Amino acid sequence: MAMQVDFSRNHFELFGLPIQFDLDSPALERTYRALQSQVHPDRFANLSQAEQRASMQWSTRINEAYQTLRSPLKRAQYVLQLQGIDALAEQNTSMPGDFLMQQIEWREAIQTARHTADAAALQSLEDELNHGARTLRDGLTRQLDTEHDYPRAAEAVRKLKFMDKLVEEIHDAFEALDS
């Protein structure tokens, strides 16, 4: 049951999917389960150390690829990476002024809601951020798959990353209220 580990294939190739942001999620899930059933380390427990190691490497590679492709933010980053663009590189931090101002307003609103234990305000902020994130993800489909506007897509990824962090802060605030 020798296994050739070919790490040169990108995540999309590994799952037999086209390189694009808009993803066939059911196909990703089906392929993930099928691949994992083929390479799961338990299937190689009675084989040589080399075959067990190869199985573990494949299983790890499949899990990494799956986690990247199932997350819209990570998937967008990966599509850009395949185009040679690191959207979250330290030197790649430019943001429009209106978004920077919005960031400040969101942070202040979260801090105020947390300080006053206002769960309704936190929920409203989370809803607003989730709506904004959906809009950005819809835009990424156009920017990456249709227009190939990678600079705008990279900016959208940076915005999404920030919004995800704010949603995490809101979840932390909810937990603090529950304590």
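The values are calculated or read from the model by the stated rules, or taken from the named source; none is laboratory data. In this text, all values refer to a predicted model and were calculated from it rather than measured experimentally. All Cβ positions, even for glycine, are placed from backbone atoms using ideal geometry, and neighbour counts span all protein chains on display. Keep in mind that these areas ignore ligands, DNA and RNA; they rest on the heavy atoms of the full protein, side chains included. Shrake-Rupley method; radii C 1.70, N 1.55, O 1.52, S 1.80 Å.
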Notebook entry, point to check: What list of ³J(HN,Hα) values in whole Hz, one per residue of the range 38-52 in order, does the Karplus curve 6.51 cos²θ - 1.76 cosθ + 1.60 (θ = phi - 60°) give from phi, with Gly and Pro shown as x?
Noted result: 6, 10, 4, x, 4, 5, 10, 4, 9, 9, 5, 4, 5, 5, 5
Next item on the list: Work from the charge dipole of the range 31-140 (Cβ charges, +1 for Lys and Arg, -1 for Asp and Glu, about the Cα centre) and give the residue of 48, 73, 38 farthest towards its positive end.
Entry: 48
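Mind checking the per residue accessible area of the chain for me, 1.4 Å probe, whole number of Å²?
Values: 10460 Å² over 179 residues.
In whole numbers, the chain has 58 Å² accessible per residue.
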Check: Of 177, 62, 146, which is farthest along the charge dipole of the range 48-179 in the positive direction, counting Lys and Arg as +1 and Asp and Glu as -1 at C-beta?
Finding: 62
Notebook entry, point to check: Using a simple charge model, +1 on the beta-carbon of Lys and Arg, -1 on the beta-carbon of Asp and Glu, nothing else, what dipole does the chain show about its Cα centre, in debye to the nearest 20?
Noted result: 720 debye
Note to self: What number results when the radius of gyration of the chain, computed over Cα atoms, is divided by 2.2 N^0.38 Å?
What the structure shows: 1.28
Note to self: Can you tell me which of 20, 91, 57 moves the most in a GNM of the chain? Springs connect C-alpha atoms under 10 Å apart.
What the structure shows: 91
Next item on the list: Compute the length gained on full extension between residue 118 and residue 47: take 0.36 nm times their separation in residues and subtract their Cα-Cα distance, giving the result in nm to one decimal.
Entry: 19.7 nm
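Which percent of the accessible area of the chain is formed by carbon and sulfur heavy atoms (probe 1.4 angstrom)? Walk me through the intermediate numbers first.
Working: 5000 of 10460 Å².
Carbon with sulfur: 48 percent of the solvent-accessible area.
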Notebook entry, point to check: So how much slack lies between residue 24 and residue 95, counting 0.36 nm per residue of separation and subtracting their Cα-Cα distance, in nm?
Noted result: 22.5 nm
Margin query: Given the range 49-101, report the % of alpha carbon pairs whose separation exceeds 16 Å.
Written below: 62 percent
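What's the magnitude of the charge dipole for the range 1-103 around its Cα centre, counting Lys and Arg as +1 and Asp and Glu as -1 at the beta-carbon? Answer in Debye, nearest 20.
On the way: 9 positive and 11 negative charges, 69 e Å.
Around 340 debye, computed over the range 1-103.
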Margin query: Once you place label points 7 Å from the Cα toward the Cβ at residue 104 and residue 17, how far apart are they in nm?
Written below: 3.9 nm
